[in-house]
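Data first, discussion second: the structure below is written as structure tokens.
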């Protein structure tokens with residue numbers, strides 16, 4: 001489905017340009033992007049394998065990658081052999097020696113870049129083998145390759161978005177007096193899986209605000225039944241073919257008051273302003289400012305408790321960010337969330353979130369789910 005050879009060739013060009021002789025990546029979105037080796041589905045209780053720290057691959061210009069996998073990863077998590085040299089480290093093997101032998105094969109000046117997800121033990125052993133002065137950080141090299149999405153990648157993201165929209169359509173009618181945030185979160189995750197998502201792309205979050213007394217699927221209040229007159233915010237996403245979605249809508253339990261409806265219109269205006277500003281050549285911070293402007297003009301600036309959004313792809317949060325501090329120039333084909341929110345403590349909260357692709361004339365939405373408020377009366 002994806003052209004991993006072409007991706008690796010682009011990496012070789014970057015390694016050559018920056019004087020890096022090898023890049024070592026552990027199982028991660030970066031490794032999956034370059035080779036198709038799937039990441040494990042994250043879990044709260046960490047899974048540990050003997051020699052787990054060796055897991056990953058060395059990439060060198062004009063060479064096939066060299067993979068090292070602990071036996072348990074190879075047996076249970078490696079669904080098909082990737083192209084390249086594959087070394088399996090058994091429980092009784094001398095893992096440090098095997099890792100060092102591969103590292104010693106790196107030519108040139110011996111400069112090695114490391115991904116952000118590499119184990120500390122791998123970093124330390126690599127430094128002892130080639131010299132700590134030759135180590136560099138390396139995730140930026142792959143992140144910059146991943147920023148511009150191909151048509152195949154956009155199609156995969158569209159499939160991930162479809163799982164979230166199907167879940168939202170199924171769960172929105174459940175927002176009635178007496179339901180809890182936990183009820184809604186469990187329903188969302190069930191519907192995501194039924195729609196084809198491999199896993200939630202991040203922890204599903206259903207909530208009414210950020211205060212201690214607000215209903216929140218991640219707190220003790222998540223089990224409490226909600227009354228009529230509650231504004232419920234959804235934030236969740238699915239995963240298909242390694243690509244993530246990140247989706248948000250607000251559902252009002254009961255008839256929505258006029259001032260709430262007016263504020264919802266402000267939020268929609270903010271989302272549209274941010275989308276229109278997401279065009280090639282604009283700075284990330286300027287798109288964020290455009291999104292924020294309608295909220296500030298309405299006198300609600302202090303209640304915009306977020307940023308416009310973040311890049312998204314194989315990770316649900318990628319760089320760059322559409323936020324105050326980020327000066328990255330936007331390029332056609334970058335994908336971002338557009339997710340303004342207005343959270344007024346003690347009154348109500350509302351949010352919306354879609355994914356856009358930077359394009360001439362403004363961002364193009366990948367979502368098709370209606371933006372209008374759902375009020376269950």
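Data overview
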read-out: Subset of the stretch 14-52 (residues that are in a helix (DSSP H, G or I) and surrounded by 12 or more Cβ atoms within 10 Å (Cβ to Cβ)); value: 14, 15, 16, 29, 30, 31, 32, 33, 34, 35, 52
read-out: Test: residue in the stretch 290-307 that is assigned to a loop (DSSP other than H, G, I, E, B) and under 24 Å from residue 144 (Cβ atoms); value: yes
read-out: Some residue of the stretch 366-375 being part of a strand (DSSP E or B) and within 17 Å of residue 269 (Cβ to Cβ); value: no
read-out: Those residues of the stretch 104-154 which are within 17 Å of residue 19 (Cβ to Cβ), without any contact (Cβ under 8 Å) to a residue 60 or more places away in the chain and assigned to a loop (DSSP other than H, G, I, E, B), in sequence order; value: 131
read-out: Scope the stretch 67-81; condition within 25 Å of the chain's Cα centre (by Cα), surrounded by fewer than 18 Cβ atoms within 10 Å (Cβ to Cβ) and outside any loop (DSSP other than H, G, I, E, B); matching residues; value: 76
read-out: Any hit, the stretch 168-179, residues being under 27 Å from residue 29 (Cβ atoms) and either at pLDDT 95 or above or not in a strand (DSSP E or B) (or both); value: yes
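Matching residues to (1) within 19 Å of residue 251 (Cα to Cα); (2) surrounded by fewer than 22 Cβ atoms within 10 Å (Cβ to Cβ); (3) touching a residue at least 40 places away in the same chain (Cβ under 8 Å); (4) touching a strand residue (DSSP E or B) at 6+ places or on another chain (Cβ under 9 Å):
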residue: 312; (1), (2), (3), (4): no, no, yes, yes
residue: 323; (1), (2), (3), (4): no, yes, no, yes
residue: 328; (1), (2), (3), (4): no, yes, yes, yes
residue: 332; (1), (2), (3), (4): no, yes, yes, yes
residue: 356; (1), (2), (3), (4): no, no, yes, yes
residue: 365; (1), (2), (3), (4): no, yes, yes, yes
residue: 371; (1), (2), (3), (4): yes, yes, yes, yes
residue: 377; (1), (2), (3), (4): yes, yes, yes, yes
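The values are calculated or read from the model by the stated rules, or taken from the named source; none is laboratory data. Worth saying up front: this structure is predicted, and the values here are computed from it rather than measured. Here the Cβ is made from the backbone with ideal geometry for all residues, glycine too, and neighbour counts use every protein chain on show.
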